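Following: one structure in structure tokens, then a few remarks.
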Amino acid sequence: MAAAHITSLSFSIHQIMFHSPVARNGGRRGRPNAFFCPWAPVICHGRREATSRALSDNCDFQDLLSVQHQEGLTGVQALFLRHPKNSSGTMTTVDHLKHLCIDQYFQDEISNVVDSCMDLTHSDNLLDVTLSMRLMREAGYHVSADEVLQKFANGNGDFSLAHSQDIRGLLSLHDVSHLNMGEASLYKAKEYSGKHLRSTLKYLEPKLARYVRQSLDHPYHVSLMQYKARHHLSYLQSLPTRNTAIEKLALAEFQINKLQHQREMQEVNRWWMDLGLAEEIPAARDQVVKWYMWPMTILEGYSFSKYRIEITKIISMVYIVDDIFDLVATQEELSLFNEAIIMWNLEAADSLPSYMISCYKALYNITNDIADMSMKEHGLNSIDHLKKAWATLFDGFMIEAKWLSGGQVPTREDYLRNGIITSGAPLLFMHLLFMLGHDLTEENNDHMSRIISCPAKIMRLWDDMGSAKDEAQEGLDGSYKELYLKESPHSNAEGHMLEMIADEWEGLNRECFSRTRSSLSPTFIRASLNFARMVSVMYGYDHEHRLPVLEDYTRMLL
């Protein structure tokens, strides 16, 4: 029966995601090494044994998967005992585990390896140096890229051609270049590695060429790790020397995650159907799978299942409210809607149109449920903060509506400042903050503001580059690209926006990697990174106005 349900669900997801009617609006609104400890608490505190118990105790996880998973864990652990912790081979093993998204099970072993990486930064081997530098930076160590990489430069300060045929070294150099915090050597590293990897594509054997092309199209660090993991496994399986323990663990992990995500998707879909908003507000979007893809991506780990479901509900409300503002309501109705949100009680909804009442009640109940959850699980009284977050979002939508109704053209700076709010990212992260047991304090407020504003700005800029393809509103509610071209008609708007996105990535990297201490948990920091990584997938349109990576990613994981 379980297999039948899974097959049926996979088919229905494909239909919902790619063949259901789409609303006219396309979705804008939508120790030092402690940084990257495991994301799931069930793993963090209990390590391998607790994880295996969790899998075995859940009757839905098949016995075979649990056995394969345990065999993989045992086999990979043996790899760390077989080689010195400061060897190139052990460091490569760590890299494979990270690429395959199974590193969370070996944090103690990986910490020991990373602690010994500094010795390898003095090597003359490009792969050893760049990989050790990347692992250290990811773990929160301060490593100067300019100092470490200068040994590979010529007299002009550019990378020497002596390394232009070192494919593995170039791939690793390209990987680390995207962890840039504003260092000149990493700008050059990205250009140099990209140029020479592209020039070697025609000479490489097909499987390696495919892997190199995928690495160029979807660079490490700024791309979804779960998506790249499947391609990395295919690459490992094509090598003459293979490690069956790593492969076995990765395959079992993939299948376990897929089963878990399918169950969550079933629950979210039931909730959405019971809610009935798709029938009551037909102009609004009905894209429940697409909405679920956000929390599925940003929150990794078996223990966060409940949180993924609740965050999907919040995201759905952001999209529906956005569509009400853009496509359905009059200006007078929007003012009443905004006032009701500020009052925050069900009686305030009595004066609203019926479709707004349904949306208001759903939004109100979901938010209060999350506030109750944060109180029960963490003793945090979050409702005032969450109410304020919704009021701020509504204010942002009201500003956009007034610009449109009054024929006003904001400056691109004003538009972008407001657009960060209406992206919905600050609201989403405010709910996630309390769900994960954090509170708003003077200590974490500035750090949290930056770690949220960077991915929100990335989202707004990416969305506005593709909004003409995603929306059939003829740009009525504007975009940064449109406003930039009005102010600078003969400029390269997309080039300018891509530079801005790169700047935000550097800012996000500084927040995530250059702080040895943070009051925010590794899970929250990881969620911010994953949100930014998801943006190019969610808005990466091709020439046929399709989202090929998102479609591939959805089929792969669901």
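Kirkwood analysis of the Cα pair distances in the stretch 276-557 returns a hydrodynamic radius of 19.7 Å. Under a model in which nothing but the beta-carbon of Lys, Arg (+1) and Asp, Glu (-1) is charged, the stretch 61-250 shows a dipole of about 720 debye around its Cα centre. For the chain, the mean residue ellipticity at 222 nm estimated from helices alone is -22000 deg cm²/dmol, where every DSSP H run of n ≥ 4 contributes -39500 (n - 2.57) and the total is divided by all residues, rounded to the nearest 500. Local charge for E280 was computed over the other residues whose Cβ lies under 14 Å away, with Lys and Arg +1 and Asp and Glu -1, and equals -2.
Shape analysis of the stretch 194-320 yields a ratio of the Cα radius of gyration to the Kirkwood radius, Rg/Rh, of 1.11.
Based on the Kirkwood approach, the hydrodynamic radius assigned to the stretch 478-556 is 15.2 Å, with every pair of different Cα atoms included.
On a 25 Å Cα-Cα criterion, which of the cross-link pairs K306/K361; K228/K376; K402/K486; K207/K290; K190/K457 come out too long? Distance filter (> 25 Å) returns K228/K376; K207/K290.
Using θ = phi - 60° in the Karplus curve 6.51 cos²θ - 1.76 cosθ + 1.60, the 3J(HN,Hα) couplings for the stretch 375-392 round to 6, 5, 8, 10, x, 9, 8, 9, 4, 5, 5, 5, 4, 4, 5, 5, 4, 5 Hz; x is entered for Gly and Pro. Local charge for S354 was computed over the other residues whose Cβ lies under 13 Å away, with Lys and Arg +1 and Asp and Glu -1, and equals -3. Sequence-ordered 3J(HN,Hα) estimates for the stretch 174-179 from the Karplus curve with 6.51, -1.76 and 1.60 and θ = phi - 60° stand at 5, 4, 5, 5, 7, 8 Hz, glycine and proline given as x. The aspartates and glutamates whose alpha-carbon is closer than 17 Å to the alpha-carbon of K98, local same-chain residues fewer than 8 away aside, are D108, E109, D115, D128, E138, D175, E247, E253, E300. Of the options [x] 24.9, 104; [y] 24.0, 74; [z] 48.6, 177, only one is Rg and Dmax of the Cα atoms in Å as computed from these coordinates, and that is [y].
In order along the stretch 542-554, the Karplus-derived 3J(HN,Hα) couplings, from 6.51 cos²θ - 1.76 cosθ + 1.60 at θ = phi - 60°, round to 9, 5, 9, 6, 9, 10, x, 5, 5, 4, 5, 5, 5 Hz, and Gly and Pro are given as x. Altogether, the Stokes-Einstein calculation at 37 °C and 0.692 mPa s, with the Kirkwood radius of the stretch 143-195 over Cα pairs as Rh, returns a diffusion coefficient of 300 µm²/s.
If I take all pairs of Cα atoms in the stretch 355-506, what percentage of them are more than 25 Å from each other? Looking at the stretch 355-506, the distances longer than 25 Å represent 40 percent of pairs. Can you check what the net charge comes to around L120, using other residues whose Cβ is under 14 Å from the Cβ of L120 (Lys, Arg +1; Asp, Glu -1)? Here the count lands on -1. Overall size of the stretch 61-250 from C-alpha positions, given as principal axis extents largest first: 59, 37, 26 Å.
If you take the charge dipole of the chain about its Cα centre, with +1 on Lys and Arg Cβ and -1 on Asp and Glu Cβ, which of A362, V549, H83 is farthest toward its positive end? The one lying farthest along the dipole's positive direction is H83.
Read-outs throughout are calculated quantities, based only on the coordinates presented, and are distinct from any laboratory measurement. Because the structure is a prediction, the values reported are computed rather than measured. Glycine also receives a Cβ, built like all others from the backbone with ideal geometry; neighbour counts cover every protein chain displayed.
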